[in-house]
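A quick write-up on the structure given underneath.
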Amino acid sequence: MIVRRVCAVCFSPAGTTRRLTATLAAALAASFEAPMETVDLSFPAAREETYAFGEGDLVVCGSPTYAGKLPNKLLPYWRAGLAGNGALAVALVTFGNRAFDNSLAELCACLDGGGFRVVGAGAFVCRHVFSDTLAAERPDRDDFAELAKLGAAVASRVARANEPPAPPAVPGDAAAPYYVPKGLDGEPVNFLKAKPKTGEDCVRCGVCVAVCPMGSIDPADVTNVPGLCIKCHACVRACPMGAKYFDDPAFLSHKAMLERDFARRARCEWFV
């Protein structure tokens with residue numbers, strides 16, 4: 001099959017999913033000697049648009065895993081914001097060392113429902129956004145080596161095919177419920193209403209306003225978060241003064257549980 005254009009499409013508030021998606025797309029573009037374009041869905045303005053693709057396009061779609069699935073506030077966009085029109089696609093999810101559960105199956109289902117032909121898929125480990133220690137150095141060299149293997153396998157499969165290949169068998173259930181977070185005592189915890197706090201070191205620079213993927217931080221008062229918080233930690237990671245933080249007890253208990261119980265090296269998985 002002929003690939004005339006490679007596109008990287010991602011939602012990546014903390015940046016790691018963007019990095020992996022762009023790396024894979026660039027490798028595929030080089031393989032097919034095709035131009036590469038990028039669509040970053042991490043900001044509200046980008047999601048006010050819809051994007052259409054077609055035959056001759058190979059689209060790498062990347063999303064983080066939230067509670068074992070796609071972020072629920074982005075799910076409607078993954079389902080309706082992209083029109084495949086027969087384009088080939090690679091589904092890519094990241095996860096913070098616990099598990100990707102059903103997120104990859106859900107992304108594949110969204111792409112299939114949107115008119116894409118999924119020819120490859122992968123789940124890759126990255127540092128958990130809640131933690132400074134959980135998978136702190138990932139993705140590392142070994143992870144990028146696995147990403148390169150996925151790219152090579154996809155490129156070979158597409159180049160050899162006269163018709164779109166069958167979709168890969170991906171584990172998980174797109175219709176499964178979200179993972180229920182647990183605290184240190186093993187009991188379920190609920191921190192849906194938790195929002196970032198602002199410390200005294202804040203200089204009102206507005207970086208947190210600019211990086212919030214939901215546009216939820218008040219630009220006139222950056223200590224105020226009147227909108228929805230999806231716990232992506234973009235503001236925490238981007239704050240140059242280290243002034244943003246979460247102090248919700250249920251959230252902190254869940255974070256501590258993850259650091260205690262999921263410190264082992266999780267492995268990346270890919271499918272073609």
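The values are calculated or read from the model by the stated rules, or taken from the named source; none is laboratory data. All of these numbers come straight from a predicted model, not from anything done at the bench. Positions of Cβ are generated from backbone atoms using ideal geometry, with glycine treated the same way; all protein chains shown enter the neighbour counts.
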Tell me which of these R127 doesn't satisfy, since it passes every other one: (1) crowded, with 16+ Cβ neighbours inside 10 Å; (2) modelled with pLDDT of 95 or more; (3) farther than 16 Å from T16 by Cα; (4) in contact with a Lys or Arg (Cβ under 9 Å, 6 or more places away or on another chain).
(3)
Which one of the conditions (1) within 23 Å of L104 (Cα to Cα); (2) crowded, with 21+ Cβ neighbours inside 10 Å does I217 fail to meet, given that it meets all the rest?
(1)
Which number in (1) without any contact (Cβ under 8 Å) to a residue 24 or more places away in the chain; (2) within 30 Å of A169 (Cα to Cα) marks the one condition that R204 misses?
(2)
Give me the pairs, please: first residue somewhere in the stretch 150-163 and at positive phi, second residue anywhere and part of a helix (DSSP H, G or I) and surrounded by 17 or more Cβ atoms within 10 Å (Cβ to Cβ), beta-carbon distance under 6 Å, and either six or more positions apart or on two chains.
none
Take M257 and tell me if it is within 21 Å of N190 (Cα to Cα) and touching a residue at least 40 places away in the same chain (Cβ under 8 Å).
yes
Test for V9: is it assigned by TED's automatic domain parsing to the domain that holds A152 and within 25 Å of A210 (Cα to Cα):
yes
Please verify whether the stretch 56-66 includes one or more residues that are of a type in the set (V, I, T) and surrounded by fewer than 19 Cβ atoms within 10 Å (Cβ to Cβ).
no
Within the stretch 88-117, restricting attention to residues that are in contact with a Leu (Cβ under 7 Å, 6 or more places away or on another chain) and among the small types (G, A, S), which residue is nearest to H128 (Cα to Cα)?
G96
Please work out which residue is surrounded by the fewest Cβ atoms within 10 Å (Cβ to Cβ), limiting yourself to the stretch 220-271 and to residues that are hydroxyl-bearing (S, T, Y) and touching a strand residue (DSSP E or B) at 6+ places or on another chain (Cβ under 7 Å).
Y245
